[in-house]
Structures are given as structure tokens and as C-alpha cells.
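Computed from the coordinates by the stated procedures, all read-outs in this text should not be read as laboratory data. Remember, predicted model here, so these are calculated numbers, not experimental data. Quick reminder, even Gly has a Cβ in these numbers, built from the backbone with ideal geometry, and neighbours come from all protein chains shown.
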Amino acid sequence: MRKTPETVVLIDCGCAFVQKIARAVRDRNIYTMVMPGGTPVERVLAENPVGIVLISGEDAAKNAEYRAKFAATKLPLFTAAKIEDADAIVNFCVNSCDCHKLWKLENFIDEAVADIRAQVGDQTVVLGLSGGVDSSVTAALIHRAIGDRLTCVFVNHGLLRKNEPEMVQQVFARNFNMKLVYIDASDRFLDKLAGVGDPEKKRKIIGKEFIDVFAEAAEKSHAPFLGQGTIYPDILESIPFDGNPKGVIKSHHNVGGLPENLKFKLVEPLERLFKDEVRKVGRLLGLPSELLDRHPFPGPSLGVRHVGPIDRKTLRILREADAIVTDELLKSGWYHKTWQTFAVFVPVRSVGMKNHQRTYDYVIAIRSINTVDAVTAEVVQLPWELLFTMSQRIINEVDGVNRVVYDITQKPPGTIEWE
Ligand code: XMP
């Protein structure tokens, strides 16, 4: 077990921003954990907290019930209700709980490396590397701990963005010198997807094939351990508010759906970190910003941005258009001002003109949104000149497109992805 210093437990009495408060206090070098009000007292005490902070919700009766329950622990107790109370919480931790502000990500890395070595011993770990932040940082951390006893498996399902397979291989195999099994399963996926237009069926095919391909490779590695990029919000989100104690310990499964007969023991070194802490750890481990600061990208990848049946020709159109959108966003400085901005392939053909010739080509939609939690999202008002440049470039550089439109639908009623 990790010897995390001086834990303060925040009890969530039904407050929407409890995670934000927990992060704000961690930023001040005090390690916090979030547990729902219904968590049994013994489960909270098992973390050896030096103090408890109740984060009040709107239900006064629940607040009072939880206050009474945790007052009985005799640990220092404090009640807070707003994100602005973070300063008061820090003062409480220092003055009443005698916290020494020891929580630092540099220390976290040393502890995590020691924990991984202790857990894995002289055995091996296999890890599914997607190129996303969580799996990348997990790979870098496990690699630091056990070197080439880690095997990363990167599955190219044919729906990746332009240059993505090359970038992942460059960073992990060449720069970090990791053992990386690269599986180009594009044909297998695209053959299975041929002619399938229903969004849910497409998602199911991609999900199932992915698990099959990964499971095959993982089995071949003969590793008893599976590295997973589970992070703290994954765990918190899997805990019901009334605090099922089993949920507090573990009810998530990131890879989800791996066959039962693959009996891996899990290595999840990031399971106590929030997303921004994961990025900081990634930076400390030397991962490039190009990888750590990317927009979120859905598991089924371009598959959910290509409306209707996917064929190789129209997928190429989407990939090229998406690369132009990203390129212009980066050049204009707008990339980091938006949560997600991307191209969507719309399987509608319309009449246009190119080089004095009539065209009958497809539509690309551009979508750009900002959000805090992806539950609701606002359309970003990208500058007109930027949209115009993207449109011009897509039409001039991507064969098969003669019309570009801007999606101005909020979420709700729209979703962020088109499928
Ligand atoms: P929607 O389209 O539901 O998307 O508004 C909300 C957020 O979730 C991402 N997303 C996914 N991420 N696997 C993922 O890992 C998926 O199947 C998936 N579908 C949507 C989407 O990009 C957005 O950030």
C-alpha cells in the first residue's frame, strides 16, 4: 500500500463540485480523498485520515446526519460548502490536523515506482496503449519502475487520426525505448465495418474487435499483470452516492469486457490522481506536450465522426480534413482555447464548382465546443477568418469535398460527437 502522507477525507454530502474542492486542496500540497456521505465510518478510518471535511449539499437533514456520524470518529471535523472555502480547508488541515503539506507529484512518482516494483516483483506487465493521456502516463510510470518487463500493445484499428500511429511509435518505441507491440488491424476493423451505418452497431463492432485483438496480444505476452490508466475520477464516478463500500474499493474496470478467462492482476498507478495531476506527472516523466495536452479523443475514434457506413475512401477524406482543422487551430493559437474541435464527415453530396467544373461531392462539418465536464457543452465562436481558412484549405486540399459547414448546436440537445 502507498504510504501517502497525511490524508484528509472530504465527505461528499451531495455537493456538485466536491472534486474541484479536492483538487484545489491538493494543489496546496495536502492529499485529499473524496468519499460519499453514506460510506461506513470504518471504511473512512481505513485510510488513516488526519481529519475530515464535510462538504455540505442542499439537503440539510443529510448534512446533519453525516455530521453526527463523522463527529463520532473524534477526528478533527470541518464543514465547508463552497469552492471558495478551500482556503479555510487548508488552514484547518494545517492548524487543526497538523498537516505538513507533503503531497508533491515528485514524491508521488517515487512512491508509485516503489509500489509498482513491490507489486510486480520480477514478473511482467502488459498494457494497452491508446496514445491518450492516461494510458501514456501509466506506460511511462510503469516503464520507469520495471523497464522492459513492460510490454505496451498499440492497436491501430484503422480509425486513427493522421500520423497518429507514427507519433505513438516515435514517442514510446524510439524516444522512451519501450517494448511496443504495434498491431495494424486496420483491414480487420474496416472489413467488419463495411456497409454498417447504424451508429450503435458501429460502436459495438469497434469495441468487440478491439477487445479481441488486444486480448490476443495480451495473452501472447504471458504477462500476469495488466497495466491500466484508471484515474481517480473513474473511481469516484463508479461510487454510488449512498456509498456502497464495495464501490469505494473498486467497481470500475477501464478496459471493460476483457474475456473472463484472462485473469490479470491490475496495476493502476494513477488511480489516486485527478486528470490535471496526471498531466503534471506525465510532464515530469518527460512525455511531450503534443501528447499530454491533446484534446480528448473518443475510444471509437474517427468512427463516431464519420456518419454512416465507413469506407476507405470517405474515411481518408475525414482524416485529411481533420488534420487541416487541427493544423489551423494550432497555428492560430485556438487549439488550447477549446475542449474539442474536429471535423465530421457528412455523407451528403451536393453540387459545387471547382476549376470551372461542376462537382458533386461530400460535406465536412466543423465542430468546436467548450465544456467543463462534457455533460453539457457550448459551441465555440471561432473567429470567422479561422473558419474561412479551414474551409478554403479543406476544399482545395481534400479531394471529394466541395462544401464545409459549421455545427452551431449546443449540448443538449446535440451530443458532442455526431454518432
Ligand atoms: P458525447 O458525444 O456523448 O461525448 O456528447 C461526450 C464526451 O465523451 C467523448 N466520447 C467518448 N469517449 N469513448 C470514449 O472514450 C466513447 O465511446 C466516447 N463517445 C464519446 C466525446 O469525445 C466527448 O468528449
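Under the classification rounded if a/c is under 1.5, otherwise prolate if a/b is larger than b/c and oblate if not, where does the stretch 1-76 fall, given a ≥ b ≥ c as square roots of the Cα gyration tensor eigenvalues? Oblate, because a/c is 1.5 or more while a/b does not exceed b/c.
Lys and Arg at +1, Asp and Glu at -1: add these up for the other residues within a Cβ distance under 12 Å of residue 170 and post the number.
-2
When +1 charges are put on Lys and Arg Cβ atoms and -1 charges on Asp and Glu Cβ atoms, the dipole computed for the chain relative to its Cα centre reaches about 380 debye. Taking the charge dipole of the chain about its Cα centre, with +1 at Lys and Arg Cβ atoms and -1 at Asp and Glu Cβ atoms, the residue from 325, 278, 299 reaching farthest to the positive side is 325. Taking Cβ atoms as reference points and 12 Å as the exclusive limit, the residues near residue 206 contribute a net charge of +3, counting Lys and Arg as +1 and Asp and Glu as -1.
Extension gain, residue 98 to residue 354, is 85.0 nm, computed as 0.36 nm per intervening residue step minus the present C-alpha separation. Charge tally for residue 52 (other residues, Cβ to Cβ under 11 Å; Lys, Arg +1; Asp, Glu -1): +2.
Think of the stretch 355-419 as having a plus end and a minus end, set by charges on the Cβ of Lys, Arg, Asp and Glu; of 402, 375, 413, 402 sits farthest toward the positive end of this dipole.
Each residue, residue 48 and residue 91, gets one label point 7 Å from its Cα in the Cβ direction; the gap between the two is 3.0 nm. Considering helices alone, the calculated mean residue ellipticity of the chain at 222 nm is -11500 deg cm²/dmol, with DSSP H runs of length four and up weighted by -39500 (n - 2.57) and normalised per residue. Taking the charge dipole of the stretch 117-245 about its Cα centre, with +1 at Lys and Arg Cβ atoms and -1 at Asp and Glu Cβ atoms, the residue from 221, 178, 121 reaching farthest to the positive side is 178.
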